[in-house]
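Heads up: the structure comes next, in structure tokens.
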Amino acid sequence: VGSEMCIRDSIQVELGDIGNILAYISIGDRMRETERLVSALHDIKRRYMRDKTGLLDREYISPQVVMTPQEAFYAAKEEMIPIEQTEGRICTEFVMCYPPGIPILAPGERITREIIDYILYAKEKGCSITGTEDEKVERLNVIKERL
């Protein structure tokens, strides 16, 4: 490109999770495109703002780490069970919305009702959930219970 500045035609926007999108802005974007993005986001908020009843009030759920991720990931005994039956169990795989790709669950964390509800809510809202062996995220791998 030499001494010329590379100008892009538009700002790229990727998938998001329940409350976020990812917009790529670089030195190749003009102020006009950035202002259009901010204006469009403001317009979306104005047009589609609604009562927040029934929506999740936060996204971050503090993890209950029970064992190291390595111990859980390589656990000799594990089983895949329906997500609704995982409360109290220890997860052996990652569960995350992508992007941004921040884990909702990581290996070694205890699965709580709040986490189950969040995963089901994210699925219902069309979020792309990755990291699980079960692509439909209907079942999760957990440490097998000792009898």
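The values are calculated or read from the model by the stated rules, or taken from the named source; none is laboratory data. Only a predicted model underlies this, so the values are computations on that prediction, with no experimental measurement involved. Here the Cβ positions follow ideal geometry from the backbone for every residue, glycine too, while neighbour counts run over all protein chains shown. Ligands, DNA and RNA are stripped out before the accessible areas are found, and what is left, the full protein with its side chains, is counted by its heavy atoms. Shrake-Rupley method; radii C 1.70, N 1.55, O 1.52, S 1.80 Å.
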(request) Would you pull out the residues with amide H under 5 Å of T112's amide H, same chain only if 5 or more places away, H placed 1.01 Å from N? (result) G88
(message) Using each residue's phi in region 131-142, evaluate 6.51 cos²θ - 1.76 cosθ + 1.60 at θ = phi - 60° and report the 3J(HN,Hα) Karplus result to the nearest Hz, with x for Gly and Pro.
(response) x, 9, 5, 7, 4, 7, 6, 9, 9, 10, 7, 9
(message) I'd like the accessible area for E145, computed on protein heavy atoms only with a 1.4 Å probe and all protein chains in place. Round to 10 Å², please.
(response) 110
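Which order do peptides 27-40, 115-128, 83-96 fall in by mean Cβ count within 10 Å, highest first?
83-96, 115-128, 27-40
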(message) Take S26 and V13, extend 7 Å from each Cα along the Cα→Cβ direction, and tell me the distance between the two endpoints in nm.
(response) 2.0
